Amino acid sequence: MKWYKHMTNAMNDLFIRDLETEFGDAGYVFWFKTLELIGSQGDDGKMDISETVWRQVIHSRRTDHLRRLYAFATQRGKLEVESLSNGLLRVKCAKFAEYSDNFTKYQKPLQSNFKVTLKQEEDKKKNRIEEDKSTKILADSYYKICDILYSKMLINDSKAKKPDYEKWVKEIDALIRIDKRTEKEITDVIDFCQSDSF
């Protein structure tokens, strides 16, 4: 608690009180974790961060909650927050230099390294993009199987009603993923069952 005393002496105590009154312990955590993040980025009193990482560091589950917190700090003149074109936020604390000596002297180390957390987020985003690409490729091949079945049905019955491909795609996915069938096995069965007009 020694570092808290030094920090609150260096800042306006009314701000901390109002923050805690408005948001409870979450307001307290938000403020000091934000200062830790800014301090971990250097002495210039600013940082570039995504809302997701910022939310994780302050242990908030909702983006709207984080936005209300930083809007409160912005209205009180403690922070400036601007959106950057790369999806990050630039957070500035104009008076950070006034109490950075006390802050850096008594701050606890961050539980997770900010740069590592940001890299993990970027890696997750890349993985999601890759998963989306592979899912789209799979879905395209599933739709081709649907087209094969429907075209064979039309050969047997020119009045065959166009099916709900979405349902068929789910069934094809289950055949491949759960039953471990290959696309060739599925198309072979389609050829067999549609080779007779029965």
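We did not get these values from a lab; they are worked out from the coordinates using the rules stated. Everything quoted here is computed from the prediction, not taken from an experiment.
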For Ser50, distant residues with modelled amide H under 5 Å away = Leu89
HN-Hα J in Hz across segment 63-75 - Karplus 6.51, -1.76, 1.60, θ = phi - 60°, x for Gly and Pro = 5, 5, 5, 4, 4, 5, 5, 6, 5, 4, 5, 5, 4
Listed here are the pairs Lys46/Lys126; Lys126/Lys152; Lys33/Lys124; Lys124/Lys161; Lys125/Lys170; which of them are more than 31 Å apart at the Cα?
-> Lys126/Lys152; Lys124/Lys161
